[in-house]
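Notes follow once the structure below has been shown.
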Amino acid sequence: MIIVIVGPTGIGKTNLSIALAKHYNTEIISGDSVQVYKELNIGSAKASALEMDGITHHLIDILEPTEDFSVALFQKLVRNKITDFKTRGITPIIVGGTGLYIKSVLYDYNFENTKRDDKLGDLYSDLSNQELHQVLQEKDVESAYSIHPNNRKRVLQAISRSALNKVSNNKNKDEKLYDFVIIGLTLEREKLYEIINNRVDRMIEEGLLAEVKQLYDKGIRSNCVSAIGYKELYKYFDGEYALIEGIAKIKQHSRNLAKKQLTFFNNQFDITWINSDLNDFNNTINNAIQIIEDKR
RNA sequence: GGGCGGGUAGCGAAGUGGUUAAACGCAGCAGACUGUAACUCUGCUCCUUAGGGUUCGGCGGUUCAAAUCCGUCCCCUCCCA
């Protein structure tokens, strides 16, 4: 059985996962779209070597900041890891906050022949949202029905997929491919937001500014740098924000992210929630273990 | 003390007599989600027992009708003392 730990940013997934990995004598697979990047450490809230405490982590630091990442690649890498764990006879623990990525591994998502065609955007740049949506209607009515015309990005993606592997052909998004338990860590909204705000301050104290400056000075403008904590400080270095403003934005965007994550997990996953017990971490661990054992 | 400008929903900010419960932005809430997902997009946000009810600093007035006009008081910015 696969153990999956999800939850909003800042809730304490890392600590719980490490405790569980120790308890089950196994290793961790990260389910995070930003922690895959080297050099994005503080801002991505990567666990330090000290925190990892000897527990092996997979899918962390596997890419240079200049490289591209995607759901499809994540899916492939993690599925490989899962079979690898199986042959070694250990339980995979997947931990992370990137909902779609994790879902694409566990459920029947098919990304064959679905690579995005970047030229399409240019090709259709003259079309209004409505006109573009019309194009999709001709190529894949069903997708057109479910994608809002204003969601240009998704409309374009659906158009580019319409020839070989229509988005609408994939209807198995809720079909489970593995035996797994998904545990969601949660907390009252107000407390969660407070934790997030404090954590951002801590990141700044720990040297987030220097970390981002280094990427900035290297001229890295690739996608990873649009992650929260990075994009705002880039704007600060560009002179667009005052520092305080940038930090406030990081907090805000982190809170927004947490909210979106909760929505995704709540509605897309068959999940068992547990409260992240701040005063008694052992309680949180025991709760998690209880849920896992019940599912066995 | 005198002069100017101003006080609009959680905040910022339009509106300067009538389809205005009040544009828009932000925050907040809810949601969608198969190759950038820490992305992209959608809806809601004065109260309501859904019939209505109560709003635009306070009070009073003009008018068929006011956030919008008049009087007065309170508070804020800046300028002159």
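Every number here is computed from the coordinates shown, using simple stated rules; none is lab data. Not measured: the values here are computed from a predicted model. Quick reminder, even Gly has a Cβ in these numbers, built from the backbone with ideal geometry, and neighbours come from all protein chains shown.
Structure notes:
- Contact order, relative form, for chain A: 27 percent (alpha carbon pairs under 8 Å, 6 or more residues apart, mean separation divided by residue count).
- DSSP-loop GluC sites (Glu not before Pro) across the stretch A:139-189, with at most 13 other Cβ within 10 angstrom: A:GLU175, A:GLU188
- Low-density loop cleavage sites - trypsin sites (Lys or Arg not before Pro) in the stretch A:168-229, where at most 14 other Cβ are within 10 Å (DSSP): A:LYS171, A:LYS173, A:LYS218, A:ARG221
- Relative exposure of A:ILE90, A:ILE147, judged by other C-beta atoms within 10 Å (fewest first): A:ILE90, A:ILE147
- For the stretch A:200-258, averaging the sequence separation of C-alpha pairs within contact (under 8 Å, six or more residues apart) and dividing by the residue count gives a relative contact order of 35 percent.
- Euclidean distance of C-alpha centroids, the stretch A:14-50 and the stretch A:60-126, integer Å: 17 Å
- Of all DSSP bridge pairs formed entirely within chain A, close to 5 percent run antiparallel.
- Size of electric dipole in the stretch A:118-169: Cβ of Lys, Arg +1 and of Asp, Glu -1, about Cα centre, debye, nearest 20: 200 debye
- Debye log10 I(q)/I(0) at q = 0.09, 0.15, 0.16 Å⁻¹ for chain A, Cα point scatterers: -0.49, -1.29, -1.40
- For the stretch A:85-217, size of Cβ-based charge dipole, Lys and Arg +1, Asp and Glu -1, in debye: 420 debye
- Here the gap between A:LYS22 and A:ASP53, fully extended at 0.36 nm per residue and compared with their Cα-Cα distance, gives a gain of 10.2 nm.
- Helices assigned as whole DSSP H runs in chain A whose Cα atoms extend at least 30 Å along their own long axis and whose mean Kyte-Doolittle hydropathy is -1.0 or higher are found at A:243-268.
- Sequence-distant contacts, meaning Cα pairs under 8 Å at least 6 residues apart, place the relative contact order of the stretch A:118-169 at 35 percent.
- Cβ-placed point charges (K, R +1; D, E -1), dipole of chain A about Cα centre in debye, nearest 20: 440 debye
- In loop segments of the stretch A:29-85 as defined by DSSP, the GluC sites (Glu not before Pro) with at most 14 further C-beta atoms inside 10 Å of their C-beta are A:GLU67.
- Percent of Cα pairs exceeding the 13 Å cut-off, where the set is the stretch A:118-169: 47 percent
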